[in-house]
Amino acid sequence: MRHSRGKRCAAVLALGLLFGTVAPLPLAAAPAASKAASVAPRIRYDAAHQLFRIDAGQVTYAFGVDADGMLQTVYWGARLATDDPLGAARVSPGHSSFDSPGSTSPQEYAGWGGRITIEPDLKAHFADGNRDLVLHYASHRIDGDALDVELRDIRLDVSVWLRYTVDPVTGIIGRSARIENHTAQAMTVDQASAASWNLPAGDDYSLRYLTGSWAREWRLQTRAIVPGATELGSRRGTTGDQNNPWFAIERGGQWNEEHGEVWFGALAWSGSWHIRVDQDVLHQVRVTGGYNPFDFAYRLAPGQTLQTPVFYAGYTSDGIGEASRLMHRFEMNTVLPQRADTKLRPVLYNSWEATEFKVDEAGQEKLAEAAAKLGVERFVVDDGWFGARNSDHAGLGDWTVNREKFPHGLKPLIDKVQGLGMSFGLWVEPEMINPDSDLYRAHPDWALHFNDRPRSEGRNQLVLNLARKDVADYVYGVLDRLLSENKIQFLKWDYNRNWTEPGWPDVAPEEQQKVYVAFIDNLYDIIRRLRAKHPGVEIESCSGGGARVDLGIMGLTDEVWPSDNTDPSDRLSIQDGFTYAYAPGVMMAWVTGSPNWVNNRKSSLDFRFLSSMQGGLGIGANILEWTPEENATAQRYVAEYKRIRSTVQRGRLYRLLSPRDEARQSATESVSSDGTQAVLFAFQRQGYEAERYPTLRLRGLDPKARYRYRLIHGEAAEGTPVEASGAYWMNQGIDLKIQGDLQAAGVVFERVRA
Ligand code: DGJ
């Protein structure tokens, strides 16, 4: 149903409803599917107070139209009673003539104009020189779990449609904006966010965010929120690993996995992005996220629109651990392309660390035979199979099989792999081009560049300008052919550099900066089309490790590669950091050689397997060099992993001991969604003589049910009962005998049938 401002009073009188004060009846909303009539819909509109209210999961979110016609956040926090009165949005009283009434209001989506002094969501300039944009509520419509609210400029025919969607289970809300230029002149968007999230005013907030660099991704950072701004972002054209587009804001200053209020969110965008956290003069905290405004300009000719990405956010009062679990659940059930039907990650073998660019038919077949004997389910040939690709100096762009390495094409190897009972996967890096390639020789203008300016290489390659339709069509065509001509079931989609010189010289100068949006839109479109045409093909997002992990790419891919760093001890920190924002069910982790190539550290095969079993298990070692004992160990772990992977990949994750800040000891526990199994992994990077490993108290079990444990690896302290209640394991806990350096244990708890 659609409402507009002018029809408001009539609508109220006609319905005679006063939500929030008298009757908790649904207003102007379609009832949620299959809900009993007595259950209030998740999205409601209170016409008397011009208030929108979302209730889902453990969250209530409300915003309304103030007396000036602006849209303001009224409440975001723990779920309220259905009939709790929230009242109308009020114009903020301001502070002085410098911060006048309304200038610091918790705006839902502020245009830069009028008296706004806070960070705007939308800043634009017009062909006639006007730069003032004041957005007022105009109309709305509610359609089940989606709400669209239209804002309009007070003078110009510019509309901004805000879209709100709600996940009924986690209470995570998605917000985005569609900017429409209905004027007769060009409007250039200088800055556009997807949404701003306003927290209750407060002085006791801490911001958690993720930083990193190649082979050192996923470092969790904390800083107090004080007056001023914190900017997270990427100007790299891609998500990047320097910051990840995720945040969590905790109240009370204390780090707590299980208690305390946390507001958290993530931006679904794989291009240059920006999340800014402000605390204003009234100590109000506001998180604004969207396109990175640096070098941004998106010109809208009359009639054109710009659709922003989605900025998701949620709330919990149960600590950062629960915030992560809500994100995990949301990603697995709502974001991933297969959603509820998402398949468990198969145990994978990848050739990269074993053979690098020296892939050939005979060598890969030998690896495939060895992998199959270990219980591997998917065999992936990494870089080096195409063009003149013998090193990272040449070949990107020439996606034809290298006939010296594979004289009969890929078919014999694929047949072999599939004959061994495994699916076949292939590495590609489709957005890139080596200057030393036939493609570049034919189309030097296809790379991002400015005319008559140098082109900076990274890993000897340039970035193809996917914003160009001909380039996007070429990339789609190449991949479509590859998938049509070969029985490929998996693509590892890599991306190994940032943008530089992001020019698009063959469109008009005022259109060129659209590259930041058009490139990513086309990338998403290519993957979407490939998935539609080849529905059996799964895709991994890799960017030299974890430089392209975000909810945007996750909506189109099945798993991600968090880091090129495969050292199992470093990986504990990397994987721990990853799980604050993203689900273990998409996090691939390989067992590789020892000493590890990244840091020369030696570790046991047990330690390596247990570290990798915390996510989607893979093997990346040169398994042709493994001894019979190592093969037997690997077979045992792979078989064990298959028994617990559903719990690890789909269950609820509890970070019992964090390896953060290089801590020596760490432990995670995953509990299956039906509560029948819990899997505990415990690690010690470095031991002190005679020191006892901390008692691990489990979480998330049914206190009344009984659980029996078995060891995957390691030893429990003498006197540990084989079976006890959930209450026992959660309160008395389990003591593991872990001593020395780089030691680990794995324990499975199975619920005993009553
Ligand atoms: C970077 C990836 O992260 C590695 O796993 C590997 O695929 C190489 N690229 C291949 O060039």
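SER658 sits among other residues whose Cβ lies under 10 Å from its own Cβ, and their net charge, with Lys and Arg +1 and Asp and Glu -1, is -1. In terms of other Cβ atoms within 10 Å, ASP480, ASP741 run from fewest to most in the order ASP741, ASP480. Beyond 18 Å in Cα-Cα separation lie the following of the pairs LYS343/LYS411; LYS366/LYS405; LYS373/LYS642; LYS358/LYS405; LYS123/LYS514: LYS343/LYS411.
Mean separation of Cα pairs under 8 Å and 6+ residues apart, divided by the residue count of the chain: what relative contact order is that in percent?
9
Ordering 317-327, 706-716 by mean Cβ neighbour count within 10 Å, with the highest value first, yields 317-327, 706-716. Express the Stokes-Einstein translational diffusion coefficient of the range 335-377 in µm² s⁻¹, to the nearest whole number, given a Kirkwood radius over alpha-carbon pairs, 20 °C and a viscosity of 1.002 mPa s. D, rounded to a whole number, is 174 µm²/s.
As I understand it, the dipole of the chain uses +1 on the Cβ of Lys and Arg and -1 on the Cβ of Asp and Glu, about the Cα centre. Which of LEU464, VAL478, VAL65 lies farthest toward its positive end? Of LEU464, VAL478, VAL65, it is VAL65. Computed extension gain for VAL752 through ASP190, at 0.36 nm per residue and net of the alpha carbon distance, reaches 196.2 nm.
If you average the alpha carbon positions of the range 176-244 and of the range 562-600, how far apart do those two centres end up, in angstrom? About 26 Å separates the Cα centre of the range 176-244 from the one of the range 562-600.
If you average the sequence gap of Cα pairs under 8 Å that are 6 or more apart and divide by the length of the range 577-692, what percent do you get for the contact order?
On the way: 159 pairs, mean separation 24.2, N = 116.
The normalised contact order for the range 577-692 reaches 21 percent.
Divided by 2.2 N^0.38 Å, where N counts the residues, the Cα radius of gyration of the chain comes to 0.99. Our coupling estimate for the range 518-528, obtained by passing each phi through the Karplus curve with A = 6.51, B = -1.76, C = 1.60 and θ = phi - 60°, is 5, 4, 6, 4, 5, 4, 4, 5, 4, 5, 4 Hz, Gly and Pro reported as x.
Would you order ILE142, ILE275 from fewest to most other beta-carbon atoms within 10 Å of each residue's own beta-carbon?
Placing the least packed residue first, the sequence is ILE142, ILE275.
With N the number of residues in the range 94-165, Rg(Cα) / (2.2 N^0.38 Å) evaluates to 1.23.
Residues in the range 90-107 carry Karplus couplings, in order, of 10, 5, 4, x, x, 9, 6, 5, 7, 10, 6, x, x, 5, 10, 4, x, 5 Hz; the curve used is 6.51 cos²θ - 1.76 cosθ + 1.60 with θ = phi - 60°, and Gly or Pro positions show x. Residue-wise HN-Hα couplings along the range 297-306, as the Karplus relation 6.51 cos²θ - 1.76 cosθ + 1.60 with θ = phi - 60° gives them from phi, are 7, 10, 7, 10, 5, x, x, 8, 9, 10 Hz; Gly and Pro carry x. The alpha carbons of the range 348-649 occupy a box of 63, 45, 38 Å along the principal axes, longest dimension given first. Listing GLU250, GLU217 from fewest to most neighbouring C-beta atoms within 10 Å gives GLU250, GLU217.
For the range 2-335, the residue among ILE320, LEU232, ALA56 whose Cα projects farthest onto the positive side of the dipole built from Cβ charges is ALA56.
Counted over the range 2-335 with a bin width of 20 Å, the fraction of Cα pairs per bin, in whole percents, is 31, 60, 8, 0. Give the relative contact order (percent, whole number) for the range 302-387; include only Cα pairs under 8 Å separated by 6+ residues. Averaging sequence separation for qualifying contacts and normalising by length gives 26 percent for the range 302-387. Ordering GLN242, TYR205, HIS182 by Cα displacement along the dipole of the range 176-251 toward the positive end leaves GLN242 in first place; charges were set at the Cβ atoms of Lys, Arg (+1) and Asp, Glu (-1). Around the Cα centre of the chain, unit charges on the Cβ atoms of Lys, Arg, Asp and Glu (plus for the first two, minus for the last two) sum to a dipole of about 1640 debye. Dipole magnitude for the range 660-751: about 260 debye, using +1 per Lys or Arg Cβ and -1 per Asp or Glu Cβ, origin at the Cα centre. Other residues within the sphere of radius under 13 Å centred on the Cβ of TRP112, judged by their own Cβ, net out at -2 (K and R +1, D and E -1).
Quick one: in the range 156-315, what % of C-alpha pairs are over 28 Å apart? Here the tail beyond 28 Å accounts for 25 percent of pairs.
The numbers here are math on the coordinates, done by the rules we state, and not lab data. Here the structure is a predicted model, which means the values were calculated and not measured. Neighbour counts are summed over all protein chains in view; Cβ atoms, including those assigned to glycine, are modelled from backbone coordinates with ideal geometry.
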